[in-house]
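Contents: one structure, followed by commentary.
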Amino acid sequence: MRSHTTFRQLEIFEAIARLGSFTRASEELFLTQPTVSMQMKKLTEAVGVPLITQVGKKIHLTPDGQHLAQATREIFSTLDRFTMSVAERQGLKQGRLSLVAITTASYFAPRLLGEFSRLYPGIDVSLRVTNKEQVLASIADGLDDLYFVGQPPEDIDVVATPIMDNPIAVLAAPDHPLARRKRIPLERIAAEPWLMREKGSGTRNAIERTFTGHGLNIHPRLELGSNEAIKQAILAGLGISALSLHALALNQPGQFAVLDVEHFPILRHWYAVYPAGRQLSVVARAFLDYLLAREEIAPLPPSGKRPARAKA
């Protein structure tokens, strides 16, 4: 006799299908890998057909698995609409808010969510911080309420609302020779050894556009995968970089020198996005309205000069 499919099994399967990994699914759901594997085995027995094939470390959905993944998303969407209708009847006393943020938004996203939770303690909130690729995949799946990104996706139809300034400034170690210079020419700073994020990073693209727009190129000395790694490399004297000033939120004042460079800071924005055509839940709309009503002042460098706007 076949066992019945459970909601938890579908939740695990959806995570595996979306993330392409048993390991990532177990981490996201706070489950052990043996538990994930066992539930997937039970799900496969319940539906009676293979759902996943594995070649080496890579997993692929079978045609039946692809159909089930789509059906699972439709089930979750229906449940979300039901939750939305309940929340509408109950106001903001109860409800659920699910957010996904790109890694660099981790400097401010938990604080915003914490402030909102204190205003509405009955709301069950969750925040998942992950890399750019996974955020884009999550937006395409549309299983969460809102997504924090530094640049709206170009190949996914979304509604993007700017919620906060994101100034990018040139940072150096406090004892760097240029730390006390004023109005450093772009040509001079281009000659410094640069520490950069990986290719495709929105911050890196903005920096490179600023230099190429003035006929200059910079050649990275090191490419690093996170802002924290770049900050450590700066303090180790390996070079300079340009990062969001929000990245200094947890550092002591004076730990880094914010260089006074022509055409910097570059003003970008943080965006809250959601798939176009989707109706936001009452809770998600309330959170977005809360973000827009806040008088958030972006951190400014010691010069206090107005940031240059990044070109689209």
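The values are calculated or read from the model by the stated rules, or taken from the named source; none is laboratory data. Predicted model, so just to flag it, every value in this text is computed and none were measured. Because the Cβ atoms are built from the backbone with ideal geometry, glycine has one as well, and the counts that use them run over all protein chains shown.
Laid out as a table, the results:
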item: Residues of segment 93-136 classified as surrounded by fewer than 16 Cβ atoms within 10 Å (Cβ to Cβ) and farther than 24 Å from A247 by Cα, total; result: 7
item: Condition met for A69 (crowded, with 17+ Cβ neighbours inside 10 Å, more than 20 Å from D145 (Cβ to Cβ) and at pLDDT below 90); result: no
item: From the options R18, R8, residue that is surrounded by fewer than 17 Cβ atoms within 10 Å (Cβ to Cβ), touching a residue at least 24 places away in the same chain (Cβ under 8 Å) and not in a loop (DSSP other than H, G, I, E, B); result: R8
item: P162 being crowded, with 18+ Cβ neighbours inside 10 Å and either polar (S, T, N, Q) or assigned to a strand (DSSP E or B) (or both); result: no
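One line per residue, one yes/no per condition, for (1) under 22 Å from K182 (Cα atoms); (2) in a strand (DSSP E or B); (3) free of Cβ contacts under 8 Å to residues at least 60 places away in the same chain; (4) not assigned by TED's automatic domain parsing to the domain that holds P177:
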{"residue": "R221", "(1), (2), (3), (4)": "no, yes, yes, no"}
{"residue": "A229", "(1), (2), (3), (4)": "no, no, yes, no"}
{"residue": "Q232", "(1), (2), (3), (4)": "no, no, yes, no"}
{"residue": "G237", "(1), (2), (3), (4)": "yes, no, no, no"}
{"residue": "A242", "(1), (2), (3), (4)": "yes, yes, no, no"}
{"residue": "L250", "(1), (2), (3), (4)": "no, no, no, no"}
{"residue": "F264", "(1), (2), (3), (4)": "yes, no, no, no"}
